[in-house]
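K.L.:
This is the structure I have questions about; it appears just below.
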Amino acid sequence: MSNRSWIALALSAALVSGCAELAPKPKPAPPVRLNEDPYPSTYVRYPGVLTAIRHATVFTGDGQQINDGTVVFADGLVQAVGGPELASPAGAVEIDGTGKYVSPGIIDVHSHLGDYPSPGVTANSDGNEATSPVRPEVWAEHSVWPQDPGFSRALINGGVTTLQILPGSANLFGGRSVVLKNVPGRTAQDMKFPGAPYGLKMACGENPKRVYGSKGNMPQTRMGNIALARETWIKAQAYKRKWDKYYRNGGDMPERDLAMETLKGVLDGKILVQNHCYRADEMANMIDMAKEFGYKITAFHHAVEAYKIADLLAANDICAVMWADWYGFKMESYDAIKENIPLVHNAGACAIVHSDDPNYIQRLNQEAAKALADGERAGIPNLSEAVAWEWLSRNPAKALGILDKTGTLTPGKMADVVMWNGDPFSDYSRPERVWIDGAEMYDANDPKKRPVSDFELGQPGEGDVK
Amino acid sequence: MIRRVLAAVLLAAAAPVGAQTFAIVNGIVAKGDGSPPIQGGMVVVRDGRIVAAGDIRMKLPAGTPVIDATGKWVTPGIVAGFSRLGLAEVDLSAEGADDTTSNGPFNAAIDVVPAINPLDTTVAVNRADGVTRALVAPSAGRNIFAGQGAVIDTGADMDPITAPRKFQFVELGQTGAEKAGGSRASTHILFRNALREAGELRRFAAPIQAARASVPSELEQPIVRNPNESRVLGPEARRSEDVLLTRFDAAALVPVLQGRQYLLVHVERASDILQVLELKREFPALKMVLVGASEGWLVADRIAHAGIPVIASAVNDLPASFEEIAATQSNVGRMRAAGVNVSIGMIDDNDTRNLFMERQYAGNLVGLTKIPGATGVSWGEALAMITSKPAEAIGMGGEIGSLAPGRRADLVIWSGDPLEGSSAAEQVYIDGVRQPLETHQTRLLERYRYLPRRDLPEAYRH
């Protein structure tokens, strides 16, 4: 039942009508829905056991801390979260969490693992389709190399259980992102987070104008960035009108355009805009552009100047995705301040800690610790470790459209759980055990419970603690 | 007895104008020499130097300022083991703001000193986080030799240079191969040729110096104190016809060849490290320090046996390139356990800006002691790796990097454990002078911490 057969039918109908003018006008062919998920997730959770962690300090991910807490999970899902009074179900494997901390798995909304993998050689450099500033047709998942050793480091050192892989920022429209479970797979589809919406990577500022301006092409300026983005949205609106009409009335199927399909997905509210944007004034321009064309920006990534417009971000319900203390690597990061994350949080906006880096993704908890401490020293009220954990799992899940599935330790959600060997807001602490969908994917005390990528097999250091 | 003597010395010293004599008491004092922290310790500073520190009680002259550090930690300032601090204000697309790399005609002769700007905001940001000194290396341009690096302080003044031309920096791994035309084999022949040319110049240069009299011997004084005013340009300093280096560059390598200037060698791969150890056998006078050494743990015994110090990346654990396939965060701990003198640097890791990360990395190395199968280091060792050890690697341990008597009084009073990134530097002293901790960033915080509109725009808040 391919599209082609429908098109053939429609063509023959048109021919018939041309020959017999007096016949009643035939009804147009009914519309055919395009498959919006042609590379579907094949992820299947691995088996787990009924587990109860007891006597741990628990960060639930939604701002709560439970001392002497209990977390119960089974069948891939969180079953119960409570204090010492919460009984272990019969048959549960009990883990003594005394002195340990338990949190939701960390979610990194900005990673290039797989599309800029290790080793960082040209042959594997698949993050930027820098051949045109408008490339919404490319999909990051088609670049993801599941054997990138970086995934394992993010898991065992970083406690990262979910991550969004984005195309790079050379382009105004960089392409679609993909959300992955940090569970090794043979294919990217094996890692794909079931039911997670797609994202569209957009970029403003220096990168697009540098990459194309240096080639003598548009955009060469920030005004060129905006103009080209607006022209593209105008086309996308026309494309959407055409397809909406087709889906309403049927008839001849319009010609497909992969780039426009992604942008139509944004205008339809199905694809979330993940917008690389550093400067406050540029974020304001992007917000106006979104209003002009009727789409929503889900998150500004690398929002180094978010603190200057935290009120604007809160009013527009846009997350700010930030580093704790990166600064000065280019002009648009010149005004970074160490209190950015807590100031955005304090303004009532959604603050997120991200990595954009295969090393920092292993220490996002420590990055949050610095931001928390800087915020407290600046006198920002109502901060705590439990509140700061929202920046690491709850808010990221919100920005990825998967908060109903993971991001907090809430009964019924995926059992994406990290048990830390100490307070994760300390440089001395590390994950001791990590579960994804209730399956134990890492145990520091068991060398077999540690992923080793194909690339590292037979190499010096294979299976090392890393 | 000793205490009394020290007190007497303090009394006797007529403090020059502007000199700071003070004591810090009741803090948790860590000396940076590898020893564990001391509760209720004391630090005494006079004329910009440490008089004594640790578990001591000293009678102070009346009127000596005493800083109560109850609940605080006191350590030497952080010494960034390898960096490019002061060479770049902004790294990308900002003309005039980046002096890390020279693609001009010279290489070994390059000296970072004229390029260092003590007013870079990067210097202030790191000062405010307790980094007080840094080894600053140039980046390699067209040649395997990057040029001569310096040791600087981060003080809020216009005199940043602690030790100019302290070391030569050379790339002998993957980067070196790229500079040499694409192969490590080429790198090594270029390196040997460069030393040959320097050796030739040395032979000719010696008579020139002798002729100028009053110079006792070639070994007593480096031929090139400053390559920018080289003395080996006279007509007597003949050279062979088959030379690749300019006269300046060859002259700059003479002190390296003589063992009068340290040679920092960047290599990561285990086999590259062994090649460097081989060079040490071939040229025993070279005072080499390995930089990077991500695969050092594979050949740790041999590095230890050669007695070559290592300034390593602390937590590299990715096979980020084919020369780092065996990278692990246990590298530093395993090399240390094998007896290698290891310190931590920021090798190609935000090296112009984020030196404050070193104490977080050092904390991570301590954290490894709790991980089965991993090798970490003790707290005292970890602190030493970001204070005294890098100083010792280039022969400056007697001057900076610890709270031993006589060292420059580079001190930080921290809000808490300095190996926790969440702790902050509350007071920073360089050469005994208290430093301002204000930065571009702190000013921005003040301006924007409250956003509601006021009678005048934000630009008027200053």
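The values are calculated or read from the model by the stated rules, or taken from the named source; none is laboratory data. Computed from a predicted model, the values in this text were never measured in an experiment. Cβ placement follows ideal geometry from the backbone for every residue including glycine, while neighbour counts extend to all protein chains displayed.
K.L.:
Pairs needed: first member in the range B:446-462, over 16 Å from A:Ala314 (Cα atoms); second member anywhere, modelled with pLDDT of 95 or more and hydrophobic (A, V, I, L, M, F, W, C); C-beta distance under 9 Å; at least 6 residues apart or different chains.
P.N.:
From residues that are over 16 Å from A:Ala314 (Cα atoms), the pairs are B:Arg447/B:Ala459; B:Glu458/B:Leu451.
K.L.:
May I ask you to list the residues in the range A:36-67 that are touching a residue at least 24 places away in the same chain (Cβ under 8 Å), closer than 30 Å to A:Asp257 by Cα and out of contact with any Asp or Glu (no Cβ under 9 Å at 6 or more places or on another chain)?
P.N.:
Selection gives A:Pro40 alone.
K.L.:
Okay, next question. Can you run down the residue pairs with Cβ atoms below 7 Å, 6 or more apart or on separate chains, where the first is in the range A:323-341 and polar (S, T, N, Q) and the partner is outside any loop (DSSP other than H, G, I, E, B)?
P.N.:
That search, which allows pairs on different chains as well, returns A:Asn340/A:Ala306; A:Asn340/A:Tyr307; A:Asn340/A:Met322.
K.L.:
Another one. In the range A:172-191, which residue that is in contact with an Asp or Glu (Cβ under 7 Å, 6 or more places away or on another chain) and not β-branched (Val, Ile, Thr) is surrounded by the most Cβ atoms within 10 Å (Cβ to Cβ)?
P.N.:
By that ranking, first place goes to A:Gly175.
K.L.:
Would you point out which residue out of B:Gln20, B:Gln39 is over 30 Å from B:Tyr262 (Cβ atoms), at pLDDT 95 or above and outside the structural domain of B:Lys166 (by TED's automatic domain parsing)?
P.N.:
When all the criteria are applied, what remains is B:Gln39.
K.L.:
Continuing with the same structure: Tally the residues that are surrounded by fewer than 21 Cβ atoms within 10 Å (Cβ to Cβ), away from every other protein chain (no Cβ under 12 Å) and of a type in the set (Val, Ile, Thr), restricting the search to the range B:426-448.
P.N.:
Within the range B:426-448, residues that are surrounded by fewer than 21 Cβ atoms within 10 Å (Cβ to Cβ), away from every other protein chain (no Cβ under 12 Å) and of a type in the set (Val, Ile, Thr) number 1.
K.L.:
Also: Out of A:Pro219, A:Pro146, A:Pro194, A:Pro136, which single residue is buried (at least 24 other Cβ atoms within 10 Å of the Cβ) and outside any strand (DSSP E or B)?
P.N.:
Going through A:Pro219, A:Pro146, A:Pro194, A:Pro136 in turn, the sole match is A:Pro136.
K.L.:
Moving on to the next point. Consider the range A:425-453. How many of its residues are under 25 Å from the mean Cα position of the chain (by Cα) and away from chain B (no Cβ under 11 Å)?
P.N.:
Final tally of qualifying residues: 12.
K.L.:
Every residue in the range A:235-257 that is among the acidic types (Asp, Glu) and loosely packed, with under 13 Cβ neighbours inside 10 Å, please.
P.N.:
Result: A:Glu255, single match.
K.L.:
Considering only residues that are charged (D, E, K, R) and farther than 16 Å from B:Trp379 by Cα, look in the range B:411-432 and name the one that is nearest to the chain's Cα centre (by Cα).
P.N.:
B:Asp431
K.L.:
Do the conditions hold for A:Ser429, that is, is it over 21 Å from A:Lys181 (Cα atoms) and modelled with pLDDT of 95 or more?
P.N.:
So A:Ser429 fits the description; yes.
K.L.:
Name the single residue that is farthest from the other protein chains (Cβ to nearest Cβ) among those in the range A:399-412 being surrounded by 22 or more Cβ atoms within 10 Å (Cβ to Cβ) and either out of contact with any Asp or Glu (no Cβ under 7 Å at 6 or more places or on another chain) or part of a strand (DSSP E or B) (or both).
P.N.:
Restricting to residues being surrounded by 22 or more Cβ atoms within 10 Å (Cβ to Cβ) and either out of contact with any Asp or Glu (no Cβ under 7 Å at 6 or more places or on another chain) or part of a strand (DSSP E or B) (or both), the top hit is A:Ile402.
K.L.:
Does B:Ser423 satisfy the condition of being within 14 Å of chain A (Cβ to nearest Cβ), buried (at least 20 other Cβ atoms within 10 Å of the Cβ) and among the small types (Gly, Ala, Ser)?
P.N.:
Criteria met by B:Ser423.
K.L.:
Condition first: in a helix (DSSP H, G or I), within 9 Å of another protein chain (Cβ to nearest Cβ) and under 21 Å from the mean Cα position of the chain (by Cα). Now tell me which residues in the range A:341-370 satisfy that.
P.N.:
A:Gln362, A:Gln366, A:Glu367
K.L.:
Hey, among B:Val276, B:Val289, which residue is more than 9 Å from every other protein chain (Cβ to nearest Cβ), within 23 Å of the chain's Cα centre (by Cα), in a strand (DSSP E or B) and not hydroxyl-bearing (Ser, Thr, Tyr)?
P.N.:
Testing whether each residue is more than 9 Å from every other protein chain (Cβ to nearest Cβ), within 23 Å of the chain's Cα centre (by Cα), in a strand (DSSP E or B) and not hydroxyl-bearing (Ser, Thr, Tyr) leaves just B:Val289.
Quick grid of which residues meet (1) within 28 Å of the chain's Cα centre (by Cα); (2) within 22 Å of A:Glu385 (Cβ to Cβ):
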residue	(1), (2)
A:Asp37	yes, no
A:Asp62	yes, yes
A:Ala74	yes, no
A:Glu85	no, no
A:Ser88	no, no
A:Glu94	no, no
A:Val121	yes, no
A:Asp126	yes, no
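Per-residue answers, yes or no, for (1) without any contact (Cβ under 8 Å) to a residue 24 or more places away in the chain; (2) more than 10 Å from chain A (Cβ to nearest Cβ); (3) not in a helix (DSSP H, G or I):
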residue	(1), (2), (3)
B:Ala320	yes, no, yes
B:Glu324	no, no, yes
B:Thr328	no, no, yes
B:Met335	no, yes, no
B:Ser343	no, yes, yes
B:Thr352	no, no, yes
B:Tyr361	no, no, no
B:Gly380	no, yes, no
B:Leu383	no, yes, no
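K.L.:
While we're on this one: Would you check if A:Asp416 is within 30 Å of B:Pro372 (Cβ to Cβ), of a type in the set (Asp, Glu) and more than 10 Å from chain B (Cβ to nearest Cβ)?
P.N.:
Yes: the conditions hold for A:Asp416.
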